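Here's the structure, in structure tokens; my notes come after.
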Amino acid sequence: MSGGYMGKILNVNLTTGKTQEEQLGQELCRDYIGGYGMAARLLYDRIPAGADPLGPDNVLGLLTGPLTGTPAVIGSRFMAVAKSPKTTGGWGDANCGGYFGPHLKFAGYDGVFLGGAAPKPLYLFINEGKAQLLDASDLWGLGVTALEDVLKERHGKDIQICSIGPAGEMLSLTACIMNDKERAAGRSGLGAVMGSKRLKAVVVRGRMKVPLHDKEKITGLRKKILKQPAPFYSILHNYGTCGITHDSALSGDSPVKNWGGAGTVDFPSERARKISDKAVVTLEGYKAYACWGCPIACGGKVVQKSGRFALEFNNGVGHKPEYETLCMFGTNLLNDDLASIVKINEICNNLGLDTITVGGTIGYIIECYESGLLTKKDTDGLEMTWGNAEAIVAMTEKIGRREGFGDVLADGIRVAWEKLGRIGTEYAVHIEGEEVPAHDPKFTPGLAPTYLLAATPARHTQGGELLIPPGLEITQGDKYVYTEKAETHWKLVCLVEVCNAAGLCMFGYLNYPIQAIPEQLAAVTGWDYDMDGMQKTGMRIFTMRHAFNLREGLNPLTRNVPGRLVGKPPLSEGNVRGVTVDYKTLNRELLEAAGWDTRMTVPSDESLRRLGMDFLIDDMSKVNVPAAAPSTNSD
Amino acid sequence: MRLKLACGHRKLWLQFPEDIPVNVAQALQSIKDTYPEVYERWCDSKGRLRSSLAVFVNSEHIRYRKGMDTELSDGDEVYVIPIIAGG
Ligand code: SF4
């Protein structure tokens, strides 16, 4: 086996309680790297088409990449994957930092696949290469915080835990998978998949070393790379992502008033500053937090022991909210009460909720309430008005516990919209059931195809013009010109695919020269990687995840496109006023460049052969997806 | 004429003669010698604004004015932000 890999994954059948080791093939590792790349290739064969995402046929994977747990910059990540219950049964994945990923490898495995469904609550304990399924009946119902405390008491402090809270147990589609109490694999509703398998946690302990092809080289590379941080480094190091909240609200990048407002008017500078940069890192007891092996340390802990929003756990210490949470519960809801967002962060982390999903859902509800479509009678007496911090906090808790009106909202906007009789359609901002992260395509038009075409809709971490790494030579031009963007866009998308699959944190990608990634991959694995090869591999991974969706009958071109995201109608105020994103032209040119059908998105035989994916040709010829209407430049 | 050039919490005050008009490009160029480290972060070797940055005058994107040719008045704030993704 090449360096970087432990060489095996663990397959667990939760129905029968059997576990089985599987050796990884060299070709699979080289062609799909790891993380969601490797997972998509394997699960394409293992999850039958049409499987119920919350049924035993779905397989939940927790996978690292070859650079996870190595000296590479920054190898802290793992990915959760499964068929998503949220996006009409399409491919689902979520990326997560913390400590679990590296420690899964130290415990002996590159990944774990969990199929079937346990008859009673269980947790998986992998202790120095030995796997055991243990009874979790006494743990079921616990919040993530208490759960980690109990498990560490039981197994020792040197374990790492990946778990769900009550939201996942109750199969809420707003649920995520947590690790290290406060790091979330947030998207795709994967917490519900774990809950459907009655798996409370995966616990790992180990001290094995990740094999390195050239230890001296990768150690030297790390030193060299860390000496070349981009300017973004100082923002991230000093503040974390909360360092960009104010500026993004001003620029038009952040959602304001459920994507219907303008930062400069509805949430001006003095309000945005209250939930941004200095305001966050000067909170009581602020202390920086780093994921495993990370030199940036963008996270942080704060103390909030008193006041209306006193924290309940860890003796009043909680993780500071990051940009997405600050926007989805701040700018998006016109809420400048920072203490309330710190509290919401605690609630979401403890109950296992994705903050993007819940913040987006509450935005929809507030707008329905403010426009008279809902009243206090519907919302359990809570006044769901813009900026009402107390009500927002209370509703978040209700969602996490499926209590009262919270039960209506616990599966996100699309389900709530259905349950409420399809009210306020214009306010229901989601793409195919996935709430939209806090980056506006009207500010970065290249985000529109990222949100609309990638296998996981509405995902800002899928590459494109929002994520430009240092050292990459690309032609950008005027961002509001919608033609001839395909080459640059594909380049940016494919590089991110490899970054994610390799187990790297995207903030390393954004802070250090991009050429460092193939260099590090080569040093760790011993295989040749260069920028061109990396792009081809990225395209292969992108295509593999897309093929999973095609086989499910899902054509991304038929996804709903919320008017507010693309400026239909355009805003009349703020820094993205007057903008209407011509996403159809962007999408069409991207599909043409990839060699995919421009109405069905089916890859041509030739494009598959180019990527060495001949095995898909037959399946793709049988794909039966609804064709999108033809698009022209005048659309 | 007094202008404010800002990025995050960092603020630079620039002084220009009253009678000569100054635009955004000139305001940025004026810090080349006085604050070379800031200038290099904002402009490339040809003096062009880096594409990873956006510029605002009194909170309005310069796209809605005359871009880098936007003329500035006494007391105006030129605000520069890096475009980056939050996690
Ligand atoms: S940059 Fe932040 S998210 Fe990434 S590994 Fe470091 S601490 Fe974790």
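The values are calculated or read from the model by the stated rules, or taken from the named source; none is laboratory data. Note that the coordinates shown come from a computational prediction; the quantities given were computed from them, not determined experimentally. Reconstructed Cβ throughout: ideal geometry from the backbone, glycine too, with neighbour counts over all protein chains shown.
Brief remarks on what is shown
- The set of residues from the stretch A:403-419 being in a loop (DSSP other than H, G, I, E, B) and surrounded by fewer than 21 Cβ atoms within 10 Å (Cβ to Cβ) comprises A:403, A:404.
- As a summary of the residue check, residue A:460 satisfies the conditions (1) of a type outside the set (D, E, K, R); (2) modelled with pLDDT of 95 or more; (3) under 17 Å from the mean Cα position of the chain (by Cα) except for the one numbered (2).
- Scanning the stretch A:527-560 for residues that are over 16 Å from residue A:456 (Cβ atoms) and not in a helix (DSSP H, G or I) yields A:527, A:528, A:529, A:530, A:553.
- The set of residues in the stretch A:265-277 being within 9 Å of chain B (Cβ to nearest Cβ) and either of a type in the set (Gly, Ala, Ser) or crowded, with 24+ Cβ neighbours inside 10 Å (or both) consists of A:269 alone.
- Some residue of the stretch A:271-284 being away from the ligand (no atom under 16 Å from the Cβ), in a loop (DSSP other than H, G, I, E, B) and among the hydrophobic types (A, V, I, L, M, F, W, C): yes
- Residue in the stretch B:14-31 that is within 14 Å of chain A (Cβ to nearest Cβ) and either among the β-branched types (Val, Ile, Thr) or loosely packed, with under 13 Cβ neighbours inside 10 Å (or both) present: no
- Of the helices (runs of 4 or more DSSP H) lying entirely inside the stretch A:160-264, those containing at least 2 residues that are free of Cβ contacts under 8 Å to residues at least 40 places away in the same chain and more than 14 Å from chain B (Cβ to nearest Cβ) span A:215-226.
- Of residues in the stretch A:84-97 being touching a Phe, Trp or Tyr at 6+ places or on another chain (Cβ under 7 Å) and either within 16 Å of the ligand (Cβ to nearest atom) or assigned to a strand (DSSP E or B) (or both), the one farthest from the other protein chains (Cβ to nearest Cβ): A:91
- In the set (1) surrounded by 13 or more Cβ atoms within 10 Å (Cβ to Cβ); (2) at pLDDT 90 or above; (3) more than 10 Å from every other protein chain (Cβ to nearest Cβ); (4) over 10 Å from the mean Cα position of the chain (by Cα), residue B:60 fails one condition alone, (3).
- Residues in the stretch A:456-490 that are farther than 30 Å from residue A:82 by Cβ, part of a loop (DSSP other than H, G, I, E, B) and acidic (Asp, Glu): A:473, A:478, A:484.
- Residue within the stretch A:190-207 that is under 14 Å from the mean Cα position of the chain (by Cα) and more than 15 Å from residue A:63 (Cα to Cα) present: yes
- Scope the stretch A:470-495; condition in contact with a Phe, Trp or Tyr (Cβ under 9 Å, 6 or more places away or on another chain) and crowded, with 23+ Cβ neighbours inside 10 Å; matching residues: A:493, A:495
- Qualifying residue in the stretch A:434-453 (condition: more than 14 Å from every other protein chain (Cβ to nearest Cβ) and either within 16 Å of the ligand (Cβ to nearest atom) or in a loop (DSSP other than H, G, I, E, B) (or both)): no
- Single unsatisfied condition, residue A:504 versus (1) of a type in the set (A, V, I, L, M); (2) more than 16 Å from the ligand (Cβ to nearest atom); (3) in contact with a Lys or Arg (Cβ under 8 Å, 6 or more places away or on another chain): (2)
- Test result for residue A:325, among the polar types (S, T, N, Q) and within 16 Å of the ligand (Cβ to nearest atom): yes
- Residue satisfying condition, being closer than 30 Å to residue A:367 by Cβ and outside the structural domain of residue A:37 (by TED's automatic domain parsing), within set A:605, A:582: A:582
- Failed criterion for residue B:5 (all others in (1) in contact (Cβ under 8 Å) with a residue 12 or more places away in the chain; (2) more than 21 Å from residue A:270 (Cβ to Cβ); (3) within 10 Å of the chain's Cα centre (by Cα); (4) crowded, with 16+ Cβ neighbours inside 10 Å hold): (2)
- Residue satisfying condition, being away from chain A (no Cβ under 14 Å) and acidic (Asp, Glu), within set B:69, B:44: B:69
- Options A:379, A:357; residue that is part of a loop (DSSP other than H, G, I, E, B), over 21 Å from residue A:276 (Cβ atoms), assigned by TED's automatic domain parsing to the domain that holds residue A:258 and in contact with a Gly (Cβ under 9 Å, 6 or more places away or on another chain): A:379
- If you go through the stretch A:561-572 and keep only what is in a loop (DSSP other than H, G, I, E, B) and surrounded by 14 or more Cβ atoms within 10 Å (Cβ to Cβ), you end up with A:561, A:562, A:567, A:570, A:571.
- Pairs where the first residue, in the stretch A:408-425, is basic (Lys, Arg) and the second is assigned to a helix (DSSP H, G or I), C-beta under 8 Å, 6+ apart: A:419/A:408
- Per the conditions (1) touching a helix residue (DSSP H, G or I) at 6+ places or on another chain (Cβ under 9 Å); (2) part of a helix (DSSP H, G or I), the sole criterion not satisfied by residue A:27 is (1).
- Positions within the stretch A:281-327 being more than 14 Å from chain B (Cβ to nearest Cβ), of a type in the set (S, T, N, Q) and surrounded by 15 or more Cβ atoms within 10 Å (Cβ to Cβ), in sequence order: A:304, A:314
- One residue alone among A:118, A:107 is closer than 30 Å to residue A:220 by Cβ, in contact (Cβ under 8 Å) with a residue 12 or more places away in the chain and away from the ligand (no atom under 16 Å from the Cβ), and that residue is A:107.
- Residues (touching a Lys or Arg at 6+ places or on another chain (Cβ under 9 Å) and within 11 Å of the ligand (Cβ to nearest atom)) located in the stretch A:296-318: A:299, A:300
- The test for being in a loop (DSSP other than H, G, I, E, B), within 16 Å of the ligand (Cβ to nearest atom), touching a residue at least 40 places away in the same chain (Cβ under 8 Å) and surrounded by 24 or more Cβ atoms within 10 Å (Cβ to Cβ) holds for residue A:75.
- For beta carbons closer than 8 Å, sequence separation of 6+ or different chains, a first residue in the stretch A:350-364 that is free of Cβ contacts under 8 Å to residues at least 60 places away in the same chain and a second that is polar (S, T, N, Q), the qualifying pairs are A:362/A:396.
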